[in-house]
Amino acid sequence: MKTRHLGDFSASVLLVLSVVVVSQAHAQSASQVGAWDGLMLTPVGALAPVASDPGGLRAGDTAWSLRYGRWRYDADDAVHDTGGVTWTRGFAFAHTLLSLTGAYGLIECPTCYTWIMGGIDLQSALWSHAVADSAGRPSRVTAVLARLSAGGGRYRGPNPVNALSFAATLPIELSVPLRSQSALRVSVLPGVGFGHVASLAYTEAGLLPMIGGALAWSVTRSFDVNVGVQRVLISGGVYQVGMALTWSRGNQREGHP
């Protein structure tokens, strides 16, 4: 890993932050680096997005997602892994979804410890349109959603480091039936994120744009396989990738044929 000097940082904290504070031709401002740190050390940036059903879960229904993400700062950085579980509940108003996430991050460096992370997402439909088949069932659903996210992370090593993030995204979703109870969903997620990172010797924060996408295959009405990509836009940064397996419980999802 490549690092730049961060003042009177302790050696272990420097190693933790070295994955995101990189020397390169186009140096980042301190606030941009702080924003990237805060986002990528929380579920908001560390876990790739999941393509949600444009119709959403019915009120009272729940879903569980087993999620995995892998990310790095640039092509020369080591790959860092994040795993987590997300619980989602549907509400009647505007197809609103509330999600809670618990995750851990494995930062690849010789003396690094894990990060413990948590996040919350609130999503509602701004607009949706369904095209019915000959039987009157929705056969294709398109939606524009609004999603607000917040996340936090704490380094479990001997020197305390905390990360905090907020993001606002505008997911654009499309669901198309394949056969029987199967469907394909595509999601594009433009947005903006705020990240904050703080230790005993270093505190920075800032805003960065974000872009992501996800592709999900609804194998049945209750089980999805999802792959996603996301990039927090900073010079030299690369896309992070991930996947998720989702199980839904309760009534049938509204957006599913």
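Every read-out reported here was derived from the displayed coordinates using simple, explicitly stated rules and does not represent laboratory data. The shown structure was predicted, so the numbers you read here are calculated from the model rather than taken from an experiment. So basically every Cβ, Gly included, is an ideal-geometry build from the backbone, and we count neighbours across all protein chains shown.
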* Asked: Using 0.36 nm per residue, how much length does the chain from R156 to W217 gain when fully extended, once their Cα-Cα distance is taken away?
  -> 18.4 nm
* Asked: Once the piece of chain linking A78 and L98 is laid out straight, how much longer is it, given 0.36 nm per residue of separation minus the C-alpha distance between them?
  -> 3.9 nm
* Asked: Tally Lys and Arg at +1 and Asp and Glu at -1 over the other residues with C-beta under 10 Å from the C-beta of L106: what net charge comes out?
  -> -1
* Structure fact -> Extension length gain for R70 and I116 (0.36 nm per residue less Cα distance), in nm, is 15.0 nm
